[in-house]
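Single-structure report; data block below.
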Amino acid sequence: MKKTLIILNLLTVGVMLLFATGCGGGNESAGGQSTTAETKDASESVGTIDTTVTASPRSKSEFLQLANGLCRRATANQLTEVLQYAKEHEDEGLPEAELGVKAYRNAVAPKLPARIEEIRALGAPKGYEKQVETVLDSIVRVLNAPDRSMFRELHRSSKVALRYGLGQCSA
């Protein structure tokens, strides 16, 4: 039980970082590329993830409303799923941080490629394609991150998403 509370605290801090970080700098890629990502705990690759976004006639406001709504629905049970995974595997004797990474990789990461595809399908407002691609690329970087730097990439993904107004769509 104590280990579950510690994991809950770690994940709560992680979620706070994801959704409450301020806007600011960071190292973003140029955006819009096909990237192969694989989960680090699972043995199978998630395949090639195309982050190229085409322009749509939607306004920026309409796009942000649709994309954030899509992401909000997709992440509604995310924390619960991570905690459930962590609780089910706490007897493996892993350090809390390692168990937190493993829980994220198994409960959340496999769903991210579908979320990227849903955002791509919306199309970006004309002139904002590169910004949306940068957000999607940041999610792919989380999938590709080694375990030791995954939480750092989650933080960066959050900052990139917030900068564009897609706070609900960070990894």
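Only the coordinates and a few stated rules stand behind these numbers; no lab work does. Worth saying up front: this structure is predicted, and the values here are computed from it rather than measured. Note that we place each Cβ from the backbone using ideal geometry, even for glycine, and neighbour counts take in every protein chain shown.
A few notes on this one:
- When peptides 65-72, 125-132 are sorted by average Cβ neighbour count within 10 Å, with the highest value leading, the order is 125-132, 65-72.
- One Cα centroid belongs to segment 110-171, the other to segment 50-68; the line between them spans 13 Å.
- Estimated FRET transfer efficiency when R0 is 45 angstrom, pair Ala121-Glu92 (beta carbons, to 0.05): 0.75
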